[in-house]
Each structure stands twice: as structure tokens, then as C-alpha cells.
Amino acid sequence: MSGQTANRAGAPPSAPRGAGWAPWIEAARPKTLPAAIAPVLVGSALAWHDGGFDWRAAALCAAFSLLMQIGANFANDYYDFIKGGDTAARVGPRRAVVAGLVAPATMRRAMWLVFAVATALGLLLVAWGGWGLAAIGAVSVLCAIAYTGGPYPLAYHGLGDVFVLIFFGPVAVGGTYYVQAGALDARALIFSLPVGLLAANILVLNNYRDEAEDRQVGKRTTVVRFGKKFACAQFGAAFILSFALPVVAVALAGASVWLLLPLVLIPEAWRQQRTLRTSRDPSELISLLGASGRFLGLYALLLAIGLLLA
């Protein structure tokens, strides 16, 4: 670790013995995990709609996606400490390494172990989708590490939102559909957009809460680069586009009215938007982060039910 990083982050206290699984569950960031399941729900429901659903492939997709998300969270915990992006003064949920709950080297080994298991499960999907999926899986692992690690960490250059939109949207939904239906379909890409946008909203909340600390340590997230007003507008635009898509599908493309089920979430979206705009307390934003993850999970579930009933 460089002297500059050591001065900013400091050495973590020794990890306590006998802490059990609690620090690892916390480091996995359960509030963010709906982002891993949501695209699998939507992609599998569309495959069911088209007569191509395969529960074995769907289960492997879900396990791969969950492990990739957990591995990315472990990588974020480790690399943010190494680069000085997380300090003991952070206002958000504590991070395992900087809080001394897990030693840096242990977190790094855990990160690689989770990615290795995810890769092994991903290779099983080759039986359904061919070896092209192996290349997609390898790129996914590299990008999960490059999100906060490597010579050009995406999150430190304002590209985290784009990464989340692409990988939790078209890549995850389209990939889930492809391994079951055996082909790509424009509808899978269209229905992936709200999933990716709402997953990016989770990141917006994280970055909004951490704006002052990120600015201080040189982490140029979208919120740092463009300001909190831009972040509020981005957060609201994701909701608007996510609700507009099923309306357009029904009104202009003749899709089933069952696809309008996600619209029951409009009042909750309005509440979250108002909370973000008026909040001055970090604890409110931490609570809103969990609500945003649940919102994504509910949206995906309702859209999936709509596709099943269509």
C-alpha cells in the first residue's frame, strides 16, 4: 500500500476472533442482493412466456448472479480500503475491512473464492448456451473487479452507473433468457432496461450519501461530478422510464395489460423520490437504500408475473 493511501485509510484494527458469519453477511450487503435476482426473474419469466423455461438453467443463472454480486461487494470492500475510498469516518453502513472485522488479505482471498465458485457454476451453463457464455462470464468477473480495483476503477471515474445499467440489465436479463430460450430476443433487451435502471438507483443512493467523503478522497462518482440535483433527477428519471415502458408496450405494441402490474408501485416510487430530495440525515438514506433494493425486487416480481399471465 502506498504511503498516501496508508495515510488516508489507515491500517485497520486486528480482526476480532470468533466473530462468526456476521461480518461476512454484512460484507455481502444483503440490501443490494435483489439486484442479482431481479434480472433472473424477468429473463426466466419471458422464457416461460415463450415456452423455453428451464428450471435448471434458471437456478444456475440465479446462483451465478448472486455469487457475482457478493464477490463484487467483497471486492468493493477490499479495494475501497486499499485505495482510501473507505475510511473510519464514513457515514454509511460500516465496511468489514475498514472496521477491522475482516483482515484485508482475508477479504481478498474470500473475493477470489466467491468468483471462482461463480465461474465454476457459470461454466455449467455452457451446456445450454455454448462457449460464448464463458467469455461473457470472464468479462463479468473482470468488470466486477475493475469496478473499484485495477488501474482505472470504474466507480472512481463516474462509470459505475453505466456498468450497473449494462450488467444488471441487458447482460443479466438477456443472458438468462438466452440460456433457456436458445436465442436473443429484442423483448428481453427492452424489459431489461427498467431492471438495469432501478439497479443503478441503488448505486445512486450509495453515492448520494457518500458524496462528501468521495469528494474528499478523489472518488469521482456521478454525484461528485454532476452534483446532488443531477442525482435526484437521475433517480426520478429511472422511475419514470421504468413505469413508462410497460405503458408503451401495452398502448403501442398491443402487449397484455398484465404488464401494467408494476404500476401499483408508483406511490412508493413517489415516496422514495421525495425522501431523497428532502433528506438531510444519513440514516434516512441508509433506510432508503434497503427500500430501493426491495422496490427493484418487487418491480421485477410484478413484471415477471405479468409476463407469466400474458
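The values are calculated or read from the model by the stated rules, or taken from the named source; none is laboratory data. Keep in mind the model is a prediction, meaning the values are calculated, not measured. Positions of Cβ are generated from backbone atoms using ideal geometry, with glycine treated the same way; all protein chains shown enter the neighbour counts. Note: accessible area is taken over every heavy atom of the protein model, side chains too, but ligands, DNA and RNA are not part of it. Shrake-Rupley method; radii C 1.70, N 1.55, O 1.52, S 1.80 Å.
Conditions (1) crowded, with 18+ Cβ neighbours inside 10 Å; (2) over 28 Å from Pro93 (Cα atoms); (3) touching a Pro at 6+ places or on another chain (Cβ under 6 Å), marked per residue:
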residue: Ala244; (1), (2), (3): no, yes, no
residue: Ser292; (1), (2), (3): yes, no, no
residue: Ala300; (1), (2), (3): yes, no, no
residue: Ala304; (1), (2), (3): yes, yes, no
residue: Leu308; (1), (2), (3): no, yes, no
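Among the residues of the range 64-100, those that are touching a helix residue (DSSP H, G or I) at 6+ places or on another chain (Cβ under 6 Å), open to solvent by 30 Å² or more (accessible area, probe 1.4 Å) and modelled with pLDDT of 90 or more comprise Phe64, Leu66, Leu67, Ile70.
From the list Ala6, Ala58, Ala27, Ala47, the lone residue that is modelled with pLDDT of 90 or more and out of contact with any Ser or Thr (no Cβ under 8 Å at 6 or more places or on another chain) is Ala27.
Any residue that is under 15 Å from the mean Cα position of the chain (by Cα), not aliphatic (A, V, I, L, M) and not in a helix (DSSP H, G or I) - is there at least one of those in the range 44-67? No: zero hits.
When Gly18 is tested against (1) at pLDDT 90 or above; (2) outside any helix (DSSP H, G or I), only condition (1) is not met.
Selection of the range 251-310 for residues being closer than 26 Å to Val173 by Cβ, of a type outside the set (A, V, I, L, M, F, W, C) and part of a helix (DSSP H, G or I) yields Pro262, Pro267, Glu268, Gln272, Gln273, Gly290, Ser292, Gly293, Arg294, Gly297, Tyr299, Gly306. What is the residue count in the range 23-42 for residues that are within 15 Å of Leu298 (Cα to Cα) and assigned to a helix (DSSP H, G or I)? Matching residues across the range 23-42 total 11. Residues in the range 30-63 that are closer than 27 Å to Gly218 by Cβ and open to solvent by 30 Å² or more (accessible area, probe 1.4 Å): Lys31 alone. Selection within the range 215-250: residues that are in contact with an Asp or Glu (Cβ under 6 Å, 6 or more places away or on another chain) and in a helix (DSSP H, G or I). The member of this set that is farthest from Leu307 (Cα to Cα) is Val224. Total residues in the range 262-281 satisfying the condition of being in contact (Cβ under 8 Å) with a residue 40 or more places away in the chain and either buried (at least 16 other Cβ atoms within 10 Å of the Cβ) or among the hydroxyl-bearing types (Ser, Thr, Tyr) (or both): the figure is 3.
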